[in-house]
1. Checking the conditions here, which among ILE226, ILE267, ILE208 is at pLDDT 95 or above, of a type in the set (Val, Ile, Thr) and in a helix (DSSP H, G or I)?
2. Given the condition in contact with a strand residue (DSSP E or B) (Cβ under 9 Å, 6 or more places away or on another chain) and hydroxyl-bearing (Ser, Thr, Tyr), answer yes or no: does some residue in segment 10-32 qualify?
3. What's the number of the condition THR176 fails, among (1) over 23 Å from the mean Cα position of the chain (by Cα); (2) assigned to a loop (DSSP other than H, G, I, E, B); (3) not hydrophobic (A, V, I, L, M, F, W, C)?
4. Scan segment 149-177 for residues that are more than 20 Å from TYR220 (Cα to Cα) and crowded, with 22+ Cβ neighbours inside 10 Å and report the count.
5. Go through the residues of segment 234-248 one by one and say whether even a single one is closer than 19 Å to ALA173 by Cα, among the aromatic types (Phe, Trp, Tyr) and not in a loop (DSSP other than H, G, I, E, B).
6. Among the candidates GLY207, GLY134, which residue alone is surrounded by fewer than 16 Cβ atoms within 10 Å (Cβ to Cβ) and either in contact (Cβ under 8 Å) with a residue 60 or more places away in the chain or not basic (Lys, Arg) (or both)?
7. Looking only at segment 74-104, filter to residues that are touching a residue at least 40 places away in the same chain (Cβ under 8 Å), under 15 Å from ALA129 (Cα atoms) and acidic (Asp, Glu); which one of those is surrounded by the most Cβ atoms within 10 Å (Cβ to Cβ)?
8. With respect to ALA9, is the statement that it is more than 30 Å from THR248 (Cα to Cα), buried (at least 17 other Cβ atoms within 10 Å of the Cβ), out of contact with any His (no Cβ under 8 Å at 6 or more places or on another chain) and modelled with pLDDT of 95 or more true?
Amino acid sequence: MKTVLVTGANGQLGQCIQKIQTQHTDIAFHFASINELDITDTKKVQEFFENQHFDYCVNCAAYTNVELAEDEEDKAFLVNAEAAKHLAEACKKHNTTLIHISTDYVFDGEKTSPYVETDATNPISVYGASKLKGETYIQEVFDAYFIIRTSWLYAEFGKNFYKTMVQKAKEKANLTITTEQTGTPTNANDLAALIVKIIQTNNTDYGIYHFSNDGEATWYDFTKEIIQNLHLAEADQPSLKPVDTYKTKAARPKNSVLDKTKVRNIIETISWQESLRNLMKNHQ
């Protein structure tokens, strides 16, 4: 039986993995929230790994507030970069494979076609820079890692754009949503399935992978699809208007669509619309 540590267990991805753990009796999961394991503390990380053996460590812990990161640069780099280094060092010492979640925001968005894993990175926000630094640290420490870059992650758990839009739509709010960025909404449950597949198949084709659902959308497109899947009566429909630009503190890549050719060797991918429908059918 494989033993797997999941850090950041109370986040949306951590909860998605928790949800499916009973389906995978060949894996012994240990879910650690920040209360049990603060990965920014290198001494605590080393002690944690010395007290029990893990075949895999899935790092779901991250500083994800893109706007606030502009004001809290030190904190973003501590969680997204230094902590990733601590985990990589512990994994190397204890022969543990690291599965680390990264982001499409490591790119500047100037490319007009989907990004492949070997494209040059050039983050334009503190958040993106902190996540890229985490990737770099891991690669400097050892080779037994999967860095999975994903995009526009959402689920029925935690705080995310999807849940916010569902709530606002039900409140018949006036919604003005940007069309300035193009990317791919990604159901965190699908990312959880990929992670489990990597573990179960003993995959040793280490490196960087891009994973999202298929297709592309603007935030306006995503919102429109969410509202349609709520099947609200006409009288209960919220007002939804597109806007070209939306002023934010942090810069976002204009295009952050990820190429999934490499990851399809591991798992099948589905369209973001289908994945959204599946989620909303089960959770509304």
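The values are calculated or read from the model by the stated rules, or taken from the named source; none is laboratory data. Please read all numbers here as calculations on a predicted model, not as lab measurements. When we count neighbours, we look across all protein chains shown, and the Cβ atoms used for this are built from the backbone with ideal geometry, even at glycine.
1. Within the list ILE226, ILE267, ILE208, the selection yields ILE226.
2. no
3. Here THR176 clears every test but (2).
4. Selection size over segment 149-177: 1.
5. Among the residues of segment 234-248, not one is closer than 19 Å to ALA173 by Cα, among the aromatic types (Phe, Trp, Tyr) and not in a loop (DSSP other than H, G, I, E, B), which makes the answer no.
6. GLY207
7. ASP104
8. no
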